[in-house]
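*Asks:* Pasting in a structure now, in structure tokens, and then I'll have a few things to ask.
The values are calculated or read from the model by the stated rules, or taken from the named source; none is laboratory data. Since the structure is predicted, the reported quantities are computational estimates derived from the model, not experimental observations. All Cβ positions, glycine included, derive from the backbone under ideal geometry; neighbour counts span all protein chains shown.
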Amino acid sequence: MARKKTYYALWDEQYGRRMATGCNCTTKTEVKEQLWDYYEPDRKEIFLTNNIRKVTLQLLLEIGEFTLEQSDVPFDDEY
């Protein structure tokens, strides 16, 4: 039996909308990498590192006031 695919998206709590960054990623690692890129060029100042392994996805979400959504079907990609 095939495993169901999970899709992720980021809800921006400040603006009340879904972000293009991370939309329809299929792993939390993908979400983390896209969110890490989103914070560039200020991430050294924000996180005091340029090393993605030194931060957690949860920290990236909290700093940006994002909620990680998940679904069994792809999210609508209109922002």
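*Asks:* Residues of the stretch 29-45 being of a type outside the set (S, T, Y), at pLDDT 95 or above and surrounded by 13 or more Cβ atoms within 10 Å (Cβ to Cβ), which ones?
*Replies:* E30, V31, K32, E33, Q34, L35, W36 - these are the residues of the stretch 29-45 that are of a type outside the set (S, T, Y), at pLDDT 95 or above and surrounded by 13 or more Cβ atoms within 10 Å (Cβ to Cβ).
*Asks:* Residues of the stretch 45-74 being more than 21 Å from Y15 (Cα to Cα), out of contact with any Ser or Thr (no Cβ under 9 Å at 6 or more places or on another chain) and not acidic (D, E), which ones?
*Replies:* F47, L48, T49, N50, N51, I52, R53, K54, T56, V73, P74
*Asks:* Residues K32, K44, K4: which one is among the basic types (K, R) and not in a helix (DSSP H, G or I)?
*Replies:* K4
*Asks:* Answer yes or no as to whether T49 is surrounded by 15 or more Cβ atoms within 10 Å (Cβ to Cβ), among the polar types (S, T, N, Q), in a loop (DSSP other than H, G, I, E, B) and on the phi < 0 side of the Ramachandran plot.
*Replies:* no
*Asks:* Next question. Scanning for something surrounded by fewer than 17 Cβ atoms within 10 Å (Cβ to Cβ), more than 20 Å from K5 (Cβ to Cβ) and among the basic types (K, R), does the stretch 21-28 turn up at least one residue?
*Replies:* Within the stretch 21-28, not a single residue is surrounded by fewer than 17 Cβ atoms within 10 Å (Cβ to Cβ), more than 20 Å from K5 (Cβ to Cβ) and among the basic types (K, R).
*Asks:* Also: Looking at E69, is it modelled with pLDDT of 95 or more, in a helix (DSSP H, G or I) and not β-branched (V, I, T)?
*Replies:* In short, no.
*Asks:* Another one. For the stretch 59-79, which positions are among the charged types (D, E, K, R) and in contact with a strand residue (DSSP E or B) (Cβ under 6 Å, 6 or more places away or on another chain)?
*Replies:* Listed by number, the list holds a single entry, E69.
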